[in-house]
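J.: Dropping a structure here in structure tokens format, bear with me for questions.
Nothing in this text is a laboratory measurement; each read-out follows from the coordinates by a stated rule. Nothing here was measured: the structure is a model prediction, and the numbers come from that model. Cβ atoms come from the backbone with ideal geometry, glycine included; neighbour counts cover every protein chain shown.
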Amino acid sequence: MIKEGTEVQWNWGNGKGTGKVEEVFHHDVEKTIDGEKVSRKASKDYPSYLIIQSDGQRVIKSKSEIQRAD
């Protein structure tokens, strides 16, 4: 189960992106990140996640885009 504080990873180009889950959304979400609106659909069964990368950048990813990094 992925929850707040979980280290996660996702495919990014030829490598992997990594970060820590800061917030879990069980409803559609729209956030402004670095001046751009980013949105994801979400539900109880298919949540979306606000993730902070090691460089401080924030991203929103859907359940289907990420996996545990351990």
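J.: Taking H placed 1.01 Å from N in the peptide plane, check which residues at least 5 places from THR6 or on another chain put their amide H under 5 Å from its amide H.
T.: When sequence neighbours closer than 5 places are left aside, the close amide H contacts are VAL21.
J.: Next question. Return the subset of LYS16/LYS44; LYS3/LYS41; LYS16/LYS37; LYS16/LYS41 for which the Cα-Cα distance in this structure is over 19 Å, preserving the input order.
T.: LYS16/LYS44; LYS16/LYS37; LYS16/LYS41
J.: Averaging sequence separations of C-alpha pairs under 8 Å and six or more residues apart, then dividing by the length of the chain, give the relative contact order as a whole percent.
T.: Worked out over the chain, it gives 32 percent.
J.: Compute the signed sum of charges (Lys and Arg +1, Asp and Glu -1) over the other residues within less than 12 Å, Cβ to Cβ, of GLU4.
T.: With Lys, Arg at +1 and Asp, Glu at -1, the net is -1.
J.: Continuing with this model, one more query. Build a GNM of the chain with springs between Cα atoms under 10 Å: which of LYS44, LYS31, LYS20 gets the top mean-square fluctuation?
T.: Most flexible of the set in this elastic network: LYS44.
J.: Here's something else I'd like to know. How big is the dipole moment of the stretch 7-65 about its Cα centre under a simple scheme where the beta carbon of each Lys and Arg is +1, that of each Asp and Glu is -1, and everything else is neutral? Debye, nearest 20, please.
T.: Dipole magnitude for the stretch 7-65 comes out near 140 debye.
J.: Put +1 on the Cβ of each Lys and Arg and -1 on the Cβ of each Asp and Glu in the chain; which of VAL8, SER48, SER64 then has its Cα farthest toward the positive end of the dipole?
T.: So the residue we want is SER64.
J.: Can I ask one more? Evaluate Rg over Rh across the stretch 5-59, taking Cα atoms for both radii and Kirkwood's formula for Rh.
T.: 0.97
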